[in-house]
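Let me begin by presenting the structure, written as structure tokens, before commenting on it.
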Amino acid sequence: MKLYNIPIVRMVYVSDNFNKPQLRNSGDASVAFRDSFEIGELGMQEFFKVAYLNRANKLIGIHTVSMGGSHSTIVDLKILFAGALTAKATSIMLCHNHPSGNRQPSPLDDNLTKKIAKAAELFDIKVLDHIILTPDPDVYYSYADLGRI
């Protein structure tokens, strides 16, 4: 007879593909992130996604951390890092979209990027880039390309 009903926390990561792509630069990352969206989502509402990478920058997986409205989304760092730790990621790439088509980051985007990078240091996880996608398939912004990460 159990005295207490103790909740159990289980963390599971299931990989169904060992031939993951290597994300070497912002171009690779923008393609991988763009492929993770359904048709029409980029222009509909803001999403925030994170790519979890292993030591060789091979993609472990992409996680949609949040879905928001037409011009913003709220990112819960606990969810972002729970995924990174479960996947045993050594680095991450961040991504969100601007349905408006404007690829320039806002001050809020800049602050969030800094906040995530600072928190990642506590876990020895490196933030390699933050990509902003637009509905235009040829337009994106990369913090890393501009030396901002």
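How many residues does the stretch 94-109 contain that are charged (D, E, K, R) and in contact (Cβ under 8 Å) with a residue 24 or more places away in the chain? Of the residues in that region, 1 qualify.
Which residues, counting only those in the stretch 46-59, are surrounded by 15 or more Cβ atoms within 10 Å (Cβ to Cβ) and over 17 Å from I131 (Cβ atoms)?
N54
Every condition in (1) open to solvent by less than 60 Å² (accessible area, probe 1.4 Å); (2) out of contact with any Gly (no Cβ under 8 Å at 6 or more places or on another chain) is met by K126 except one, and the failing one is (1). In the list L23, L80, which residue meets the criterion of being within 16 Å of F123 (Cα to Cα), within 15 Å of the chain's Cα centre (by Cα) and buried (at least 20 other Cβ atoms within 10 Å of the Cβ)? Checking each option against the conditions leaves just L80.
Only one entry in A32, A89, A117 is surrounded by 15 or more Cβ atoms within 10 Å (Cβ to Cβ) and in a loop (DSSP other than H, G, I, E, B), namely A89.
The values are calculated or read from the model by the stated rules, or taken from the named source; none is laboratory data. Just so it is clear, the model here is predicted, and its values are computed rather than measured. Note: ideal-geometry Cβ built from the backbone for every residue, glycine included; neighbour counts use all protein chains shown. Side chains are part of the model used for accessible areas, which takes the heavy atoms of the whole protein and leaves out ligands, DNA and RNA. Shrake-Rupley method; radii C 1.70, N 1.55, O 1.52, S 1.80 Å.
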